[in-house]
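Only one structure is covered here, and it is reproduced in the block below.
The values are calculated or read from the model by the stated rules, or taken from the named source; none is laboratory data. Bear in mind that the values here come from a model prediction, so they are computed numbers and not experimental data. We place every Cβ from the backbone using ideal geometry, glycine too, and count neighbours over all the protein chains shown.
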Amino acid sequence: MTFAVIIVFSILALLGMPLAFALGFASFAGIAMSGIDFYIMPQRMMHAIDSFPLMAIPLFMIAGELMVCSGIMNRLIDFANSLIGRVHGGLAHVTIISGGILAAVSGAAVASASALGSIIVPSLRKHYDDGYLSAIIASASNLGPIIPPSNAMIVYALMAGSSVSVGALFMAGIIPGIILTVAFMGTASYLSFKKGFPLTGDKFNLKKVFWNARRAWVILLMPVVVIGGIVGGIFTPTEGAGVAVAYALFIGFVITGELKVSDLPAALFRAAIGSSVVGALIAFAATVTFVFTIDLVPMRLSQFLQDFTQSPHMFLAVVMVVLLIVGMFIESNAAYIMLVPLLAPVALTYGIDPLYFGFLFVLNLVIGMMTPPVGVLLFVMCGITRISMSEMVRNVWPYVVVQYLILLLCIFVPEIVLFLPRILGF
């Protein structure tokens, strides 16, 4: 059965069928070979998506869409620009900082790329070539699934069950997210100097920093309220996402005044499209997981790995290499849904901290969003700036290398991941 599922899925995916439907047909083939009644398929699909925690994903997506419609990006960019000052890669730094702040609102890389790309590209084009600025925006957007709230972490926690909480994963992402932001800024400065781009950004002015901070403080307060409420146990991640939506409506209608009632249908539609993709993947992948379970794949995989090595470090290295390869060819949400139920329980048998393993798992697949041939952010930026894929890859590879170096740092220094969750009692 398992072999049939893998073959059918591989063929359909290579033929270009959307991964959710490829998973559906693959699970159909597996159930047909197992002799189980087909009515089990819709039952498993409904059971997978009938989840209160899963509601956090569409709500965070709606919050992100509403914040973009509220005109917050200009305020964030002005605030970041006043902080940076006139340095090499100054506008690139502004983009990265704005991406980091936006990450604490939207939780999704593609949404961040669309928001940043639609607003800041004209300013960047005055100073940088399209390849450089496309790589900057892609890197800044990729902070979205690392800096909480993160839709990727919500999906991972849902697939891993009770072994790790959403709040703990959120806290695990803060320090690595800050390190990644600083590393991206350093890389951008070096490349800007190497390419001979002019100094950009406004001269540092403390009065201007305070003025822009006063305009942006209510926006910057949003992640503090939402993440603080989740970590403090005031509300669940799903309720926190609901708070984020209400906060975004308040900012748009009351603070900036740029959100109109006529903007709501389009924002809800875009959020619904993004959420439906995730929901379909989860529903169809649940049937694949069911086929794997009745075929004893998790038990066989665990036994195979334990026969291969008894070392937790070797197991972790093998998993990281596998995820590196998987991230190049499979969309990240599909990879979470297919692989987390298989690998997370095995990691527990090796005595690996489930929070540590979960964060490394997420970070590895997040990097895959910027790696060819199917890195979704590469395609998004090629569509926005109209550059070729080859030019995009030539410019983005230094930032991909930086992310893998940070991944290695987190592997060898677990406290980077675990320090904050531990002091907060997770």
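If you check 419, 412, which single one turns out to be at pLDDT 90 or above and within 14 Å of residue 175 (Cα to Cα)?
Going through 419, 412 in turn, just one is at pLDDT 90 or above and within 14 Å of residue 175 (Cα to Cα): 419.
Suppose we filter the range 19-50 for residues that are touching a residue at least 40 places away in the same chain (Cβ under 8 Å) and either outside any helix (DSSP H, G or I) or in contact with a Pro (Cβ under 9 Å, 6 or more places away or on another chain) (or both); how many remain?
Qualifying residue count, the range 19-50: 1.
Considering only residues that are modelled with pLDDT of 80 or more, within 17 Å of residue 332 (Cα to Cα) and not in a helix (DSSP H, G or I), which ones fall in the range 103-140?
The answer is none; no residue qualifies.
Across the range 320-351, which residue is farthest from the chain's Cα centre (by Cα) among those that are of a type in the set (Val, Ile, Thr), modelled with pLDDT of 85 or more and over 20 Å from residue 167 (Cβ atoms)?
Filtering the range 320-351 for residues that are of a type in the set (Val, Ile, Thr), modelled with pLDDT of 85 or more and over 20 Å from residue 167 (Cβ atoms), the one farthest from the chain's Cα centre (by Cα) comes out as 349.
Could you list, in sequence order, the residues of the range 300-339 that are among the β-branched types (Val, Ile, Thr), farther than 23 Å from residue 412 by Cβ and part of a helix (DSSP H, G or I)?
337
Which one of these is within 21 Å of the chain's Cα centre (by Cα) and not β-branched (Val, Ile, Thr): 300, 270?
Answer to the check: 270.
Determine which member of the set 405, 365, 409 is crowded, with 19+ Cβ neighbours inside 10 Å, of a type outside the set (S, T, N, Q) and assigned to a helix (DSSP H, G or I).
Being crowded, with 19+ Cβ neighbours inside 10 Å, of a type outside the set (S, T, N, Q) and assigned to a helix (DSSP H, G or I) holds for just one of 405, 365, 409, which is 365.
Kindly provide the set of residues from the range 254-283 that are in a helix (DSSP H, G or I), within 26 Å of residue 113 (Cβ to Cβ) and not small (Gly, Ala, Ser), ordered by number.
Those that are in a helix (DSSP H, G or I), within 26 Å of residue 113 (Cβ to Cβ) and not small (Gly, Ala, Ser): 255, 263, 264, 265, 268, 269, 270, 273, 277, 278, 281, 282.
Does residue 88 satisfy being modelled with pLDDT of 80 or more and over 25 Å from residue 362 (Cβ atoms)?
Judged against the criteria, residue 88 is not a match.
Are any residues in the range 219-253 in a loop (DSSP other than H, G, I, E, B) and surrounded by fewer than 17 Cβ atoms within 10 Å (Cβ to Cβ), and if so, which ones?
232, 233, 234, 235
Which of the residues belonging to the range 180-206 are surrounded by fewer than 16 Cβ atoms within 10 Å (Cβ to Cβ), modelled with pLDDT of 80 or more and part of a helix (DSSP H, G or I)?
The answer is 182, 186, 190, 193, 194, 195.
Among the listed residues 347, 334, which satisfies the condition of being buried (at least 22 other Cβ atoms within 10 Å of the Cβ), in contact with a helix residue (DSSP H, G or I) (Cβ under 8 Å, 6 or more places away or on another chain) and farther than 20 Å from residue 145 by Cα?
347
The rows are residues; the columns are (1) more than 28 Å from residue 329 (Cα to Cα); (2) hydrophobic (A, V, I, L, M, F, W, C); (3) buried (at least 19 other Cβ atoms within 10 Å of the Cβ); (4) in contact with a strand residue (DSSP E or B) (Cβ under 6 Å, 6 or more places away or on another chain).
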{"site": "20", "(1), (2), (3), (4)": "no, yes, yes, no"}
{"site": "52", "(1), (2), (3), (4)": "yes, yes, no, no"}
{"site": "64", "(1), (2), (3), (4)": "no, no, yes, no"}
{"site": "94", "(1), (2), (3), (4)": "yes, yes, yes, no"}
{"site": "97", "(1), (2), (3), (4)": "yes, yes, yes, no"}
